[in-house]
Amino acid sequence: MGEEVTYHPSYVYLARSLIKRGIVMEEGILFRPIGIIHTPFQEPAGMPIQPTGGKEIEGTVEIFPEFADGLLDMDGFSRIILIYHFHRSGPCRLHLIPFLDTCPHGVFATRAPNRPNPLGISIVSLIACKNTCLHISGVDMLDGTPLLDIKPYLPECDAFCSERTGWFPTRGSCFSTTLSDDRFSGKKED
C-alpha cells in the first residue's frame, strides 16, 4: 500500500483557491509548490514588470517545512533564481501586445505571463535565509505566488551581456521604470 502524503496547510489553501477559480490541470505534468512568495503586490497594476524595477522592494519566500533541508548552504549566495507559477494570469494568448511595445508579438518572444505553461522566472537578491524563510529584494510577482523551485544565480553561467535581444529596447532600458497594468490578468482585453 502507498504511503499517505500530507501537505502543508498553505499548499492546501492554495490548491483549493486555484480549484475555486477554475484553474485546474487538464492533463500533463503536475508540479507541487515548495513554498509561497509573499510581496506587497496584491494586484498586477503598479507592480514592476521585471526584478530590476523592484530592486528596492522586499518580500519573503516561505518554504514549506518538508523542503527546509533543501535550503542548506543557500545563505552563501547573493542572488537566487525563483521559478514560480503565474497563478493569476489570464488564458494563454499566442499573440499579444507586451509591455514596452505597441505591436503584437508571439508569446515566446515576450515575458508575458499568459503562456501555454504559465511559469515565471525572477533573479532576486537574497538578503537573509532564516529557517524556512528567505528575505529577498527585487520582487516582481504577486503576493501568494506559488514557488516551484529555487536555483542559485551564478554569474559565470547565467549572465550573457553581449547578446541579441530581438525587439526589446537595447538602449535606455525601460525595465526598471515600467510598471505593470492588468492587461494579462484576464480582466480586460488588449
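The values are calculated or read from the model by the stated rules, or taken from the named source; none is laboratory data. Quick caveat: nothing in here was measured; it's all calculated off a predicted structure. Reconstructed Cβ throughout: ideal geometry from the backbone, glycine too, with neighbour counts over all protein chains shown.
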On the given criteria, is His38 closer than 28 Å to Lys130 by Cβ, at pLDDT 95 or above and crowded, with 16+ Cβ neighbours inside 10 Å? yes
Close pairs from the range 35-51: first farther than 21 Å from Asp149 by Cβ, partner among the aromatic types (Phe, Trp, Tyr), Cβ under 6 Å, at least 6 apart: Met47/Phe41; Ile49/Phe99
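Yes or no, residue by residue, for (1) modelled with pLDDT under 95; (2) on the phi > 0 side of the Ramachandran plot; (3) of a type outside the set (A, V, I, L, M):
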site	(1), (2), (3)
Ser10	yes, no, yes
Tyr13	yes, no, yes
Val24	yes, no, no
Pro51	yes, no, yes
Asp73	no, yes, yes
Ile80	no, no, no
Ile83	no, no, no
Arg93	yes, no, yes
Scan the range 26-35 residue by residue and report those that are modelled with pLDDT of 70 or more and either more than 21 Å from Asn114 (Cα to Cα) or over 16 Å from the mean Cα position of the chain (by Cα) (or both). Leu30, Ile34, Gly35
Among Phe64, Phe108, Phe77, Phe99, the single one that is surrounded by 18 or more Cβ atoms within 10 Å (Cβ to Cβ), among the aromatic types (Phe, Trp, Tyr) and either farther than 15 Å from Phe31 by Cβ or touching a strand residue (DSSP E or B) at 6+ places or on another chain (Cβ under 6 Å) (or both) is Phe64
